[in-house]
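The values are calculated or read from the model by the stated rules, or taken from the named source; none is laboratory data. Fair warning: this is a prediction, and the values are worked out from it, not measured in the lab. Cβ atoms come from the backbone with ideal geometry, glycine included; neighbour counts cover every protein chain shown.
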Ligand SMILES: [Zn+2]
């Protein structure tokens with residue numbers, strides 16, 4: 001099963017993600033599909049990890 005976060009990251013890299021807002025050093029900023037709160041955004045790490053404890057220390 002394809003990971004939704006990785007799929008969105010791949011779309012950003014292919015310039016096909018209409019919700020993409022900005023690229024930061026370690027992450028991408030995208031508008032959330034659900035805009036219950038106007039401007040609600042999500043930060044996607046450039047390298048996706050399913051859980052915080054899986055992140056490398058550096
Ligand atoms: Zn993933």
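Table for the structure above
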{"item": "Neighbours by Cβ (under 7 Å, 6+ apart or cross-chain): first from segment 34-58, without any contact (Cβ under 8 Å) to a residue 24 or more places away in the chain; second within 11 Å of the ligand (Cβ to nearest atom) and outside any strand (DSSP E or B)", "result": "55/49"}
{"item": "Total residues in segment 40-58, condition more than 12 Å from the chain's Cα centre (by Cα) and modelled with pLDDT of 95 or more", "result": "1"}
{"item": "Any hit, segment 14-27, residues being in a loop (DSSP other than H, G, I, E, B), without any contact (Cβ under 8 Å) to a residue 60 or more places away in the chain, in contact with a helix residue (DSSP H, G or I) (Cβ under 6 Å, 6 or more places away or on another chain) and away from the ligand (no atom under 11 Å from the Cβ)", "result": "yes"}
{"item": "Filter result for residue 44 (in a strand (DSSP E or B) and within 16 Å of the ligand (Cβ to nearest atom))", "result": "yes"}
{"item": "Considering residues of segment 1-13 that are loosely packed, with under 10 Cβ neighbours inside 10 Å and within 9 Å of the ligand (Cβ to nearest atom) only, the residue modelled with the lowest pLDDT", "result": "2"}
